[in-house]
1. Going down the list 187/232; 87/186; 78/232; 20/232; 19/232, which pairs span over 31 Å between their C-alpha atoms?
2. Any idea how far the Cα center of the stretch 244-262 sits from the one of the stretch 22-96, in Å?
3. For residue 176 and residue 96, what is the calculated FRET efficiency with R₀ set at 41 Å and r taken between the beta-carbons, to the nearest 0.05?
4. Which of the chymotrypsin sites (Phe, Trp or Tyr not before Pro) found in the stretch 62-132 are in a DSSP loop and have at most 12 neighbouring Cβ atoms, other than their own, within 10 Å?
5. Helix-derived [θ] at 222 nm for the chain: sum -39500 (n - 2.57) over DSSP H runs of at least 4, divide by residue count, nearest 500?
6. When a footprinting reagent is the concern and you count Cβ atoms within 10 Å, what order do 196, 236, 21, 35 take, fewest first?
7. List the trypsin sites (Lys or Arg not before Pro) within the stretch 144-195 that DSSP assigns to loop and that have no more than 14 neighbouring Cβ atoms inside 10 Å.
8. Once the convex hull of the C-alpha atoms of the stretch 8-259 is built, how many Å³ does it hold per residue, rounded to a whole number?
Amino acid sequence: MNTQTREIIVEFPDIVVTKKDRLLIAGPCSVENRDQLFRIAEAVRKSGIRFLRGGAFKPRTNPYSFQGLQEEGLAILKEASEQFELKIVTEIVDASHIPLFEDTVDIFQIGARNMSNFHLLKQVARVSRPILLKRGFSATIEELLMAAEYLVSGGNTQVILCERGIRTFETATRATLDLSSVPIVKKISPLPIIVDPSHATGRSDIVASMALAGLVAGADGIMVEVHHNPPKALCDGLQSLTLESFQSLVNEIERLKPFLSV
Ligand code: PEP
Ligand code: MN
């Protein structure tokens, strides 16, 4: 892979995000209904963030847990994107969904559980949209970069890596946020890397500190889960920021930005 660092993280006709800007993505774990997504999307847009996340096809560990609204979820995301001028980030779990996603999704997410699904990576590599590739829970940095190479060699160079924590013996957090992956990736790869402190910690009380720590470590952005009523969230409520705590985090990020090296 060419090792020249990419200055632009993502580029759309109406929005360009550079490394200096940092890519900020926020939204619920899952799209639950129109009212829920619209309330959260409105708060995300008001905070100045232009990238809304929300799962429609959820890869859940437990088959009896909420699996996502699927096609209906994509339709709600599309409506929110139009209403609030937000770009949509959502996870693709099956290559047969590509045509459906191309109609709505601005950044295709490959989740931790599918980082090593090389068949899916080869198929998604062909789409002409940026791809957010999350690190598998038990993947080494080298394996993450090799998975990214499937996308790049398959024709898609608009890859963004995401550190979302790995499994260790620690039980105080859902995963262990491996912040050292950020400067290591930057030394050996031209690809941007963002941090997801929500899935890494599993607890909303420390999401903001780890988001800020990620930026200080050199991350090119942050993705966080936000919900207007976390105790009632159908998925990942324990790690979801409230709309108020999310706005405080955005304010803190803005205060931190002038002190960050590019
Ligand atoms: C997600 O971001 O919606 C998600 C399921 O995260 P991960 O793949 O990192 O577990
Ligand atoms: Mn989640």
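No value in this document is a laboratory result; all are computed from the given coordinates. If you're wondering where the values come from, they're calculated on a predicted model, not measured in any experiment. For neighbour counting, all protein chains shown are included, and Cβ atoms are generated from backbone atoms with ideal geometry for every residue, glycine included.
1. Details: 187/232 42 Å; 87/186 26 Å; 78/232 23 Å; 20/232 36 Å; 19/232 35 Å.
Beyond 31 Å: 187/232; 20/232; 19/232.
2. 23 Å
3. Numbers: r = 34 Å, r/R0 = 0.83.
The calculated FRET efficiency here is 0.75.
4. On the way: sites: 64, 66, 84, 101, 108, 118; in loops: 64, 66.
Counting only loop positions with at most 12 other Cβ atoms within 10 Å, the chymotrypsin sites (Phe, Trp or Tyr not before Pro) in the stretch 62-132 are 64.
5. Values: 9 runs with 92 residues, N = 262.
Computed mean residue ellipticity for the chain: -10500 deg cm²/dmol.
6. Numbers: 196 30, 236 20, 21 16, 35 10.
Lowest to highest Cβ neighbour count: 35, 21, 236, 196.
7. Numbers: sites: 164, 167, 174, 186, 187; in loops: 164, 167, 174.
The qualifying sites are 167.
8. Details: hull volume 29.7 nm³, N = 252.
Convex hull volume per residue, Cα atoms: 118 Å³.
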